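Have a look at the structure below, then the notes.
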Amino acid sequence: MKIYEAAIEALNSLNHPLNVDDIYKKIIKENWYVFGSKTPLAALRVTMDRHCSNKSISSMHKDRYFYKHTDGTYELLESYRANDEFKIKEPSPDSINADSCIAQIQELAIQQKEKSKAEILSYLRELPPQRFEEFSEHFLTRYGFTKMKVTSSSRDGGIDVKGALKIGIAEMGVAAQCKRYAAHNKVGRPDVSQFRGDITGEFEQGIFITTSSFTKEALDISFKPGCVPIILIDGEQLAEIMIEKGIGIQKQQVELYDFDADLIFE
């Protein structure tokens, strides 16, 4: 069993909400899981919290099996109870209100992120072509590439930016093509094939950046055995990476407080 599976077994076996100590004792008694951690109780609690429907910690798991009450006890969600006699504990009104507020804040944060992504793409699509190439140079530098510089279009054909990527003690030549397109104007297979032809023999890596998206055929041809690989970055990925790297983004931290009785004596 995995840790969360053993916890489900413990809760179903005793048939009522339990704190982490009681869940741990039941798991050990039945030998459902052997903990390798030096702090098994903490490992159990963190694992269960990651699977709680009403928790919001870093690295939450998409699958939720438990509900955690403010007194530190865990309850199985209805669909994971082995029988209908599982004794449930009704959340207090204060707990419900707190969970609702946190859920609203999380939803607002998601909406704000999507709003920022839309604003990023709207701004980039309005840039003059030369300015967009300069932005791409800055973007790739912030991403981790080195020696990036905008090229002269009269000399380098489809290559807009070139530079290097350091891998260990080696250095790989990279070239980028940058297309400031409207959302409906997708980059197709011919564009990617032409770009690959322009860089073959001189660069080991290609990067195609667009503010729109790529057709399925373009995606399929980006990696071909024996050919220069082309990394495709569409508008959605571009905005996502900018937020991740803090390019043009101001992050405001909001502290959320969530009482957890398990943590009092730690």
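Could I have the simple spin-label model distance between Lys224 and Leu14, label points 7 Å from Cα toward Cβ, reported in nm to one decimal?
Between Lys224 and Leu14, the simple spin-label model gives 6.2 nm.
Can you check how the C-alpha radius of gyration of the chain compares to 2.2 N^0.38 Å, as a plain ratio?
1.41
Report, in deg cm²/dmol and to the nearest 500, the calculated mean residue ellipticity at 222 nm for the chain, where each DSSP H run with n ≥ 4 adds -39500 (n - 2.57) and the sum is divided by the residue count.
Calculated mean residue ellipticity at 222 nm is -13500 deg cm²/dmol.
In the chain, carbon and sulfur make up what percent of the accessible area (probe 1.4 Å)?
With neighbouring chains kept in place, the figure for the chain is 51 percent.
Under 22 Å Cα to Cα from Lys117, which lysines show up? Leave out anything in the same chain fewer than 8 places away.
Lys179, Lys186, Lys245, Lys251
Just to confirm, what accessible area per residue do you get for the chain at 1.4 Å probe, in whole Å²?
59
Taking every Cα atom in the stretch 177-246, find the radius of gyration and the maximum pairwise distance Dmax, and write them in Å.
When restricted to the Cα atoms of the stretch 177-246, Rg and Dmax are 12.2, 36 Å.
Using the beta-carbon distance between Ala82 and Phe259 and R0 = 35 Å, what value does 1/(1 + (r/R0)^6) give for FRET efficiency, to the nearest 0.05?
Efficiency at R0 = 35 Å is approximately 0.75.
When a/c reaches 1.5 or more, the comparison of a/b and b/c decides; with that in mind, is the stretch 131-266 rounded, prolate or oblate per its Cα gyration tensor?
prolate
The values are calculated or read from the model by the stated rules, or taken from the named source; none is laboratory data. Remember, predicted model here, so these are calculated numbers, not experimental data. As a convention, Cβ positions derive from the backbone with ideal geometry for all residues, glycine included, and neighbour counts pool all protein chains shown. These area figures cover heavy atoms from the full protein model, side chains too; ligands, DNA and RNA do not enter into them. Shrake-Rupley method; radii C 1.70, N 1.55, O 1.52, S 1.80 Å.
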